[in-house]
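Please treat every number below as a calculation from the coordinates, not as lab data. On a predicted model such as this, the values are computed, not experimentally measured, just so you know. Every residue, glycine among them, receives a Cβ derived from its backbone with ideal geometry; neighbour counts consider all protein chains shown.
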Amino acid sequence: MLIALLCAGSMWFYVQRVLIPHERADAETHARPRGNLSDLYPRWWGARELLLHGRNPYREDITLEIQKGYYGRVLDPARPNDPKDQQGFAYPVYVVFLLAPLIGFPFHGVQIFFYWLLVGLTAASVCLWLRVLRWRLPLSSVAICVALTLGSFPAVQGIKLQQLSLLVAAMLAGAVACAASGLLFSGGVLLALATVKPQLAAPLVAWVLVWALSDWRARRRLVLGFGIVMGLLLGGAEVVLPGWWRMFADAVGKYHRYTQNQSVLDVLAPWGYSGKLLAGVAVLSCAFVLWKLRDRAADTAEFGTATALVMALTVLVVPMYAPYNQVLLLPAIFVVVRDGATFLSRSRYWRLSYLVGALLVGWQWAASLSLSALYLVGARSWALEHWTLPFFSTFAVPVWIFALNFFVLKTSRAERRPLIRES
């Protein structure tokens with residue numbers, strides 16, 4: 001526990017004393033604007049203007065107002081060092097229903113509330129995923145998992161930015177945990193709410209709906225919960241902003257053009273369409289394995305492991321490689337740790353693969369500990385100069401974790417053995 005707290009504390013220290021000062025210095029050097037830099041702000045402002053004043057959040061004038069709060073001023077195309085992300089309202093308009101309780105408060109107070117909300121939800125998602133995976137751990141081990149999760153760079157970045165990805169990740173964990181506990185209607189409700197970030201929710205929605213439809217009589221309540229809430233969200237969105245879906249599609253197109261977002265595989269294989277080809281192979285391989293597992297009950301370890309594979313696939317193929325999206329890897333990492341004996345009892349190749357995966361995941365803490373220690377002993381300039389060290393494994397982690405999870409499922413099916421359920 002002390003080691004976990006030390007790792008988590010070093011990550012928060014690194015972000016606060018090394019990464020943020022570097023970003024501030026770089027912004028000052030290049031005259032790059034810095035405002036509140038809260039990813040919640042564009043959504044909050046858009047919801048506020050739509051619900052209180054009836055203004056279309058997708059319009060250009062709203063985007064310019066958002067820039068004043070987010071960056072501190074309107075972006076200037078004539079300045080080559082200005083950020084490319086225009087911070088337009090590129091979400092389904094029904095996200096305003098989730099944010100409606102917050103629009104009457106000053107944004108500074110909203111930031112504080114949302115910050116601690118994300119901390120609580122991220123911690124809770126650890127317990128939810130352990131339940132889904134049927135992995136029983138002592139309370140001390142659960143506390144270690146929570147500490148390391150909250151002290152991982154994806155979680156720290158998401159919390160500091162007030163990123164909705166962490167809210168969606170918690171809702172996805174809650175949806176699957178409800179299904180695993182027999183609360184199918186509630187699971188469908190949470191699954192529908194998670195579609196406020198459709199690119200993150202879509203793979204899990206597809207898997208869970210296929211699973212539910214494979215046994216309609218027993219699982220239809222999940223589909224009903226999902227369908228009713230999605231109907232309410234889409235219908236309500238059309239009431240508050242008729243024709244919103246066309247504006248949303250246009251906003252998403254603009255977003256991808258000015259940010260040039262790529263998936264993890266696009267970055268690792270940047271030659272032509274090679275990244276998309278690899279993504280297609282990954283999706284088809286998962287679909288083949290998952291189709292054979294669609295009859296598994298939600299309270300089995302195999303269902304939980306299959307769901308973890310879907311979450312790992314999401315991080316791999318979603319067209320946004322920001323580190324905070326890697327909070328979705330949490331159940332897949334748990335599977336790798338839980339089934340460590342499976343890898344270590346295999347050939348030298350799989351033992352080496354497992355150890356490499358452990359090193360890739362643990363690198364972020366090794367780097368943050370080193371930089372924090374150097375900062376504290378007086379080598380501040382060296383620490384600031386080498387601020388990129390914790391990011392060296394960022395793109396490798398999703399690939400390795402996905403491959404290890406795929407191996408776990410394929411091996412368990414080939415040998416027709418049950419997955420490890422408890423420790």
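Answer yes if at least one residue in the range 315-323 is over 26 Å from residue 209 (Cβ atoms), part of a loop (DSSP other than H, G, I, E, B) and in contact with a Pro (Cβ under 9 Å, 6 or more places away or on another chain), and no otherwise. Scanning the range 315-323 turns up at least one residue that is over 26 Å from residue 209 (Cβ atoms), part of a loop (DSSP other than H, G, I, E, B) and in contact with a Pro (Cβ under 9 Å, 6 or more places away or on another chain). Residues in the range 142-185 that are of a type in the set (Gly, Ala, Ser) and closer than 16 Å to residue 331 by Cβ: 152, 155, 165, 169, 170, 173, 174, 175, 177, 179, 180, 181.
Listed residues 301, 308, 312, 373; which is in contact with a Pro (Cβ under 9 Å, 6 or more places away or on another chain) and over 21 Å from residue 155 (Cβ atoms)? Explain how you work it out, then say what you get.
Working: 308 fails: over 21 Å from residue 155 (Cβ atoms); 312 fails: over 21 Å from residue 155 (Cβ atoms); 373 fails: in contact with a Pro (Cβ under 9 Å, 6 or more places away or on another chain).
None of the others qualify; the one that does is 301.
Determine if the range 85-96 includes at least one residue that is surrounded by 14 or more Cβ atoms within 10 Å (Cβ to Cβ), hydroxyl-bearing (Ser, Thr, Tyr), within 17 Å of residue 168 (Cβ to Cβ) and touching a helix residue (DSSP H, G or I) at 6+ places or on another chain (Cβ under 8 Å). The answer is yes, given that some residue of the range 85-96 is surrounded by 14 or more Cβ atoms within 10 Å (Cβ to Cβ), hydroxyl-bearing (Ser, Thr, Tyr), within 17 Å of residue 168 (Cβ to Cβ) and touching a helix residue (DSSP H, G or I) at 6+ places or on another chain (Cβ under 8 Å). Residue count for the range 252-267 satisfying the condition of being surrounded by 13 or more Cβ atoms within 10 Å (Cβ to Cβ) and under 19 Å from the mean Cα position of the chain (by Cα): 10. Of (1) in contact (Cβ under 8 Å) with a residue 24 or more places away in the chain; (2) surrounded by 15 or more Cβ atoms within 10 Å (Cβ to Cβ); (3) over 17 Å from residue 200 (Cβ atoms), residue 282 satisfies all except one. Which? Unmet for residue 282, out of (1) in contact (Cβ under 8 Å) with a residue 24 or more places away in the chain; (2) surrounded by 15 or more Cβ atoms within 10 Å (Cβ to Cβ); (3) over 17 Å from residue 200 (Cβ atoms): (3).
Can you report the number of residues in the range 15-49 which are charged (D, E, K, R), assigned to a loop (DSSP other than H, G, I, E, B) and closer than 30 Å to residue 97 by Cβ?
Here is the first cut: in the range 15-49, the ones charged (D, E, K, R) are 17, 23-24, 26, 28, 32, 34, 39, 43, 48-49.
Imposing the further condition that a residue be assigned to a loop (DSSP other than H, G, I, E, B) reduces the set to 32, 34, 39.
Pick out the ones that are also closer than 30 Å to residue 97 by Cβ and you get 39.
Residues flagged as charged (D, E, K, R), assigned to a loop (DSSP other than H, G, I, E, B) and closer than 30 Å to residue 97 by Cβ within the range 15-49 amount to 1.
Which one of these is crowded, with 22+ Cβ neighbours inside 10 Å and in a helix (DSSP H, G or I): 212, 206, 249, 237?
Numbers: 206 fails: crowded, with 22+ Cβ neighbours inside 10 Å; 249 fails: crowded, with 22+ Cβ neighbours inside 10 Å; 237 fails: crowded, with 22+ Cβ neighbours inside 10 Å.
None of the others qualify; the one that does is 212.
Considering only residues that are more than 30 Å from residue 339 (Cα to Cα), among the aliphatic types (A, V, I, L, M) and not in a helix (DSSP H, G or I), which ones fall in the range 93-150? Please lay out each step first, then the result.
Residues of the range 93-150 more than 30 Å from residue 339 (Cα to Cα): 93-117.
Filter once more, so that each one left must be among the aliphatic types (A, V, I, L, M): 93, 95-96, 98-100, 102-103, 110, 112, 117.
93, 103 - these are the residues of the range 93-150 that are more than 30 Å from residue 339 (Cα to Cα), among the aliphatic types (A, V, I, L, M) and not in a helix (DSSP H, G or I).
Restricting attention to the range 215-231, the residues that are over 12 Å from residue 187 (Cα atoms), over 27 Å from the mean Cα position of the chain (by Cα) and assigned to a helix (DSSP H, G or I) total 3.
Going through (1) without any contact (Cβ under 8 Å) to a residue 40 or more places away in the chain; (2) loosely packed, with under 15 Cβ neighbours inside 10 Å; (3) under 15 Å from the mean Cα position of the chain (by Cα) one by one, residue 201 falls short only on (2). For the range 54-110, name all the residues that are among the hydroxyl-bearing types (Ser, Thr, Tyr) and under 14 Å from residue 37 (Cα atoms). Those that are among the hydroxyl-bearing types (Ser, Thr, Tyr) and under 14 Å from residue 37 (Cα atoms): 70, 71. When the range 140-171 is filtered for residues that are in contact with a Lys or Arg (Cβ under 7 Å, 6 or more places away or on another chain) and over 22 Å from residue 20 (Cβ atoms), only 168 remains.
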